[in-house]
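*Asks:* My structure is below; once you've seen it, I'll send some questions.
Just so it is clear, none of the values below were taken in a lab; they were calculated from the coordinates. Just so we're clear, the structure is a prediction, and the values are computed from it rather than from any experiment. Every residue, glycine among them, receives a Cβ derived from its backbone with ideal geometry; neighbour counts consider all protein chains shown.
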Amino acid sequence: MPSVRRFSVPSPVGVPREATLRATARATARATPARKPAGAAVGVVLAAGLVLGGCEYTYDDGRSSAASAAAEATAAPGPLFTRDPLTRDPVGQDELDGWVARTLPEAPQPAVHIGAGVLAAGEVRSDASPALETGTYALTLACRSQRRVNFTVRSDTLTLVDLGLRCGINRENVIYLSAPTPLTIMVEARTGANYAFRLRKL
């Protein structure tokens, strides 16, 4: 049969046995680190998770709610306006005078030469002014068509204006004549068009 042997550690000479046992117990207690129960650690972790899960974080960038609403309203795109293409369709001969009156309103200086007309597609028309005095003149050009209308203005020796005018936008050119001379105004349209011009001395 197995046997258990017991050994006794002799006490130092002159030291009581009880004091020796107490000293040995204290040394053993210091050498063995204290260990916390695992259950307590798990409970602490779960409690921390519940506390963090219940937290609510907010961020304030310094702007009021009214300012934010105004910014959102400003960012919304506005309505898109487009030009009605029907306003570029040429008018007939019976409506030409009314269109010229609306397109070329009265100016402070009287007109020395004026012209207007209705052009068919591909038509070229030429108009000659009387001999003009030396001086500075303002030439206003206008047209009504789905495509550009070409205006060419010449003196006896020079081309003063050579322009493909986008209809719906009037154009005014300043011309200086160093000698008395007549001007030739040529108008060309690729599609049906109305044209008008007015020459006045400044």
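*Asks:* How high is the relative contact order of the stretch 124-202, given as a whole-number percent (alpha carbon pairs under 8 Å, six or more residues apart)?
*Replies:* That works out to 49 percent.
*Asks:* So if I place +1 on the C-beta of Lys and Arg and -1 on the C-beta of Asp and Glu, and nothing else carries charge, what would the dipole magnitude of the stretch 87-201 be about its Cα centre? I want it in debye, nearest 20.
*Replies:* It comes to approximately 360 debye.
*Asks:* Just need the Rg to Rh number for the stretch 87-201, please, alpha carbons only, Kirkwood Rh.
*Replies:* That ratio is 0.95, to two decimals.
*Asks:* Continuing with the same structure: Which of the peptides 107-113, 163-169, 136-142, 187-193 is most tightly packed, and how do the rest follow, going by the mean number of other Cβ atoms within 10 Å of each residue?
*Replies:* Descending packing order for the listed peptides: 187-193, 136-142, 163-169, 107-113.
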